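Engineer: Below you will find the structure I want to go over with you.
Derivation of every value follows stated rules applied to the coordinates shown; laboratory data play no part. Fair warning: this is a prediction, and the values are worked out from it, not measured in the lab. As a convention, Cβ positions derive from the backbone with ideal geometry for all residues, glycine included, and neighbour counts pool all protein chains shown.
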Amino acid sequence: MARMAVESGVTALAVTPHCNMRYRNFHVPSLVHRIGRFREMLYQFQIPLKLYTGMEIMGSYDTGERLREGTLATLNGSRYPLVEFHFTGNGQEETEILDSILRFGYRPIVAHPERYLYVQEDPELLNTWLEMGCLLQINRGSLLGRFGQRASVVAHAMVDRGFAAVVASDAHSHIQRTPWMADVWEMLAGDFSPSTARRLLEEHPRRILLDQEIHMESPDWF
Ligand SMILES: [Fe+2]
């Protein structure tokens, strides 16, 4: 997967295993340790890829508190935690959880909202999340039509209307849901603009990992 990422033009990658799920969790120190070993292997195999610690956190009411006490981790220790939710829901509990994370001083990045059924049914929820100060991340696969027509339509509308802060791989393996990013870069540059591709795949990701402020222009609201 690391080789594949590098061959597709990726230079840095936030490692974001699923966390805060009943069947899967990581202790932050052991995650940091494992990523350290992964870094050593990249060096050994001469794969020029920078790795950053992260988690894809299943949002819960105690997420803000757990981030503060250090049992959950943001992206590279920044103010930006990557937070996902179940695909079904009504958006209300999710909004309350995001609000509570913001109150702890973090700026949550909502993982792949275009895949949530309640967002597909009512994208106006994205107005609320953006106004609250959340950032929205889209999956590469959604833009390429790999998660169905509805996710694709919402993902394209989000880029078109200025709702997306980041496009990411959501990589799970080297066969399916891979870290290959060249195709989505081309697609964003061609269907939208080269500066859109750069902003969503390079500038904003860099600002997140450096813990710098991200300013979103007022979008074309849903
Ligand atoms: Fe996810």
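Engineer: In the chain, what percentage of the DSSP-assigned beta bridges are antiparallel, given to the nearest 5? Spell out each step's value before the answer.
Structural biologist: Numbers: 1 of 18 bridges.
In the chain, DSSP labels about 5 percent of beta bridges as antiparallel.
Engineer: Under 5 Å between amide H atoms, partner at least 5 residues away or on a different chain: which partners does T71 have, H built in plane at 1.01 Å?
Structural biologist: none
Engineer: Note down the relative contact order for the stretch 56-209 as a percent, whole number, built from C-alpha pairs under 8 angstrom at least six residues apart. List each step's numbers first, then the result.
Structural biologist: Numbers: 226 pairs, mean separation 27.2, N = 154.
RCO, the stretch 56-209: 18 percent.
Engineer: Quick one: if you stick a label point 7 Å off each Cα along the C-beta vector at F104 and M21, how many nm between them?
Structural biologist: So the two model labels end up 2.0 nm from each other.
Engineer: Next up: To the nearest 500 deg cm²/dmol, what mean residue ellipticity at 222 nm is calculated for the chain from DSSP H runs of n ≥ 4 alone, each contributing -39,500 (n - 2.57), summed and divided by the residues?
Structural biologist: On the way: 11 runs with 93 residues, N = 222.
Theoretical 222 nm ellipticity from helices: -11500 deg cm²/dmol.
Engineer: Do any chymotrypsin sites (Phe, Trp or Tyr not before Pro) in the stretch 10-118 lie in a DSSP loop with no more than 10 other beta carbon atoms within 10 Å, and if so, which?
Structural biologist: Answer by residue number: Y23, F45.
Engineer: While we're looking at this one, here's another question. Using DSSP to define loop residues, name the trypsin sites (Lys or Arg not before Pro) in the stretch 37-139 whose beta-carbon has at most 11 other beta-carbon atoms within 10 Å.
Structural biologist: none
Engineer: What spacing in nm lies between the two simple spin-label points modelled at D183 and Q44, each 7 Å away from Cα in the Cβ direction?
Structural biologist: Label-label distance for D183 and Q44, simple model: 3.2 nm.
Engineer: Can you give me the Rg/Rh ratio for the chain, using Cα atoms for both radii and the Kirkwood formula for Rh?
Structural biologist: Taking Rh as the inverse mean 1/r over Cα pairs, Rg/Rh reads 0.94.
Engineer: Counting only GluC sites (Glu not before Pro) that sit in a DSSP loop (anything but H, G, I, E, B) with at most 11 other Cβ atoms within 10 Å, what is the longest stretch of the chain containing none of them?
Structural biologist: Details: sites that count: E213, E217.
The longest uninterrupted stretch comes out as 1-212.
Engineer: How many nm separate the modelled label positions at S195 and E213, each set 7 Å beyond the Cα in the direction of the Cβ?
Structural biologist: Roughly 2.0 nm, to one decimal.
Engineer: Rounded to the nearest Å, what's the spacing between the alpha carbon centres of the stretch 1-41 and the stretch 109-180? Just the number, please.
Structural biologist: So the separation of the two Cα centres works out to 21 Å.
Engineer: Show me, for the stretch 178-187, the HN-Hα J-couplings you get by feeding each phi into the Karplus relation (A = 6.51, B = -1.76, C = 1.60, θ = phi - 60°), rounded to Hz, glycine and proline as x.
Structural biologist: 3J(HN,Hα) across the stretch 178-187, in whole Hz: 8, x, 5, 10, 5, 5, 6, 4, 4, 5.
Engineer: What FRET efficiency do you get for R146 and R68 if R0 is 35 Å and r is their Cβ-Cβ distance, rounded to the nearest 0.05?
Structural biologist: E(calc), rounded to 0.05, equals 0.45.
Engineer: Name the most mobile residue of I175, I138, I101, meaning the one with the largest mean-square fluctuation, in a Gaussian network model of the chain with Cα contacts below 10 Å.
Structural biologist: I175
Engineer: Moving on to the next point. Using a Gaussian network model of the chain whose springs link C-alpha atoms within less than 10 Å, name the residue from M187, M41, M132 with the highest mean-square fluctuation.
Structural biologist: The residue that fluctuates most here is M41.
Engineer: H18's amide H: which non-local residues (gap 5+, or another chain) put their own amide H closer than 5 Å, with H modeled 1.01 Å from N in plane and none for Pro or chain starts?
Structural biologist: Residues meeting the amide H criterion: E56.
Engineer: While we're on this one: Select from A164, A189, A151 the residue whose mean-square fluctuation is largest in a Gaussian network model of the chain (Cα-Cα springs shorter than 10 Å).
Structural biologist: Answer for the Gaussian network model of the chain: A189.
Engineer: Work through the residues other than M132 whose Cβ is under 15 Å from its Cβ and net out their charges, Lys, Arg +1 and Asp, Glu -1.
Structural biologist: So the environment of M132 carries a net charge of -3.
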